[in-house]
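None of the figures in this text is laboratory data; all of them are computed from the coordinates on show. Quick caveat, the model's predicted, so the values are computed rather than measured. Here the Cβ positions follow ideal geometry from the backbone for every residue, glycine too, while neighbour counts run over all protein chains shown.
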Amino acid sequence: LAKEQGKNNYQFFSEELHQVLSKKLQLERELRRALDEKQFTLHYQPKIHLQTGQIIGMEALIRWEHPDLGLIPPIQFIPIAEETGLIVPLGEWVMRTACQQTKVWQEAGFTQLAVAVNISLRQFMQNNLIEMITSILEETGLAPQYLELEITESMALNVDYTIRILNRLKGLGISISIDDFGTGYSSLSYLSQFPIDRLKIDQSFLRNLNPQNQAIIKTIIDMAHNMKIAVIAEGVETQEHVDFLKEQRCNEVQGYFYSKPLPTKEIDSYLQVNRYGESGSMI
Ligand code: C2E
Ligand code: MG
Ligand code: MG
Ligand code: MG
């Protein structure tokens, strides 16, 4: 009996595995086609300077406009794109599109607007990353100080390599931020060796603003400021969040309280509406 059950289990797992694998293959094929057929689009979420209320820039966030399934969030396809290497051409498309669009907004009068692009581990390891970014900046005419890369703590695994790449990226004149900060394992001593401009406090800490998470946020902000690194909080949803972050002297904020990520056209109007606000602030 045990033997039979074992056999059944084996069959069960292998069928399941087969299903998972063929789903993956199908998704990979679809992703390739989506890239060819330009089914991807970028949404943009404003980043706000907390003291002045000014819009300082946008984070570019990819979506897949699937002809049958509608808008698919990145969590459902970025991991497969990452695994299959498709993230490399996809990431290049994101970078080019975000830089082009930001240049358009700058020429429309938002001259200081910056853009942040998420970079996954595979892209960070790609050997022509520097060349790719250099040629996109040249091609689009976006000045390097308006481009920021968002990387995660997981990329700091190989410290020497990471420092080398980051220094070359900084050499281009672009900015670097650490996304989802506080969820990974990077030690503070490593962090101080990285040429980082900004930490993005992971939204999980704000989501549950209990005393422990309040203390973590405070510590991250103090530590960053001691290292002359700016701090942005993501996932800011309520006035309570804003008040707490102001009290802690967080520099910048991003979240549904200000705006969800929006398609380009809606950001156009968002920028127009928020160009002049009360008391000289933009929001
Ligand atoms: P992330 O870079 O940490 O982006 C923040 C995520 O939080 C976004 O989800 C955003 O829509 C969401 N968010 C922003 N404000 C709030 C808020 O107030 N409340 C809540 N509950 N959520 C908020 P999204 O757009 O689904 O992106 C998820 C992740 O996918 C990103 O996390 C990033 O890691 C990845 N991703 C997105 N676009 C790209 C891309 O172009 N390339 C790569 N490599 N990864 C990307
Ligand atoms: Mg990000
Ligand atoms: Mg994040
Ligand atoms: Mg995240």
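Given the options G91, G109, G235, which has the most mean-square fluctuation in a GNM of the chain, springs set between C-alpha atoms less than 10 angstrom apart? The residue with the greatest mean-square fluctuation here is G109. Result for the chain in a Gaussian network model with C-alpha springs under 10 Å: among A224, A81, A215, the largest mean-square fluctuation is at A215.
Converting phi to 3J(HN,Hα) with the Karplus coefficients 6.51, -1.76 and 1.60 and the offset θ = phi - 60°, the stretch 127-133 yields 6, 9, 4, 4, 4, 4, 5 Hz in sequence order, with x at every glycine or proline. Working note: Karplus 6.51/-1.76/1.60 with θ = phi - 60° gives the stretch 206-211 the couplings 6, 3, 10, 7, 6, x Hz, where Gly and Pro are set to x. Here the Karplus relation 6.51 cos²θ - 1.76 cosθ + 1.60, evaluated at θ = phi - 60°, turns the backbone of the stretch 42-47 into coupling constants of 10, 9, 10, 10, x, 10 Hz, with x for every Gly and Pro.
Put in line by how crowded their Cβ is, counting other Cβ atoms within 10 Å and starting with the fewest, M58, M125 read M125, M58. Exposed loop positions in the chain were taken to be chymotrypsin sites (Phe, Trp or Tyr not before Pro) whose DSSP state is not H, G, I, E or B and which have at most 10 other beta-carbon atoms within 10 angstrom. Between these positions, the longest stretch is 1-184.
Cross-link reach is defined here as a Cα-Cα straight distance under 22 Å, omitting same-chain residues fewer than 8 places apart; for K246 the lysines meeting it are K47, K200, K218, K228, K260.
Residues whose amide H falls under 5 Å from that of E237, counting only those 5 or more places apart or on a different chain, are F257, with hydrogens built in the peptide plane. Secondary-structure-derived ellipticity at 222 nm for the chain, considering helices only, amounts to -15500 deg cm²/dmol, per-run term -39500 (n - 2.57) for DSSP H runs with n ≥ 4. Taking a ≥ b ≥ c as the square roots of the eigenvalues of the alpha-carbon gyration tensor, the stretch 62-156 is classed oblate because a/c is 1.5 or more while a/b is no larger than b/c.
A cut-off of 5 Å between modelled amide H atoms, ignoring neighbours fewer than 5 places along the same chain, links G57 with K47, A114.
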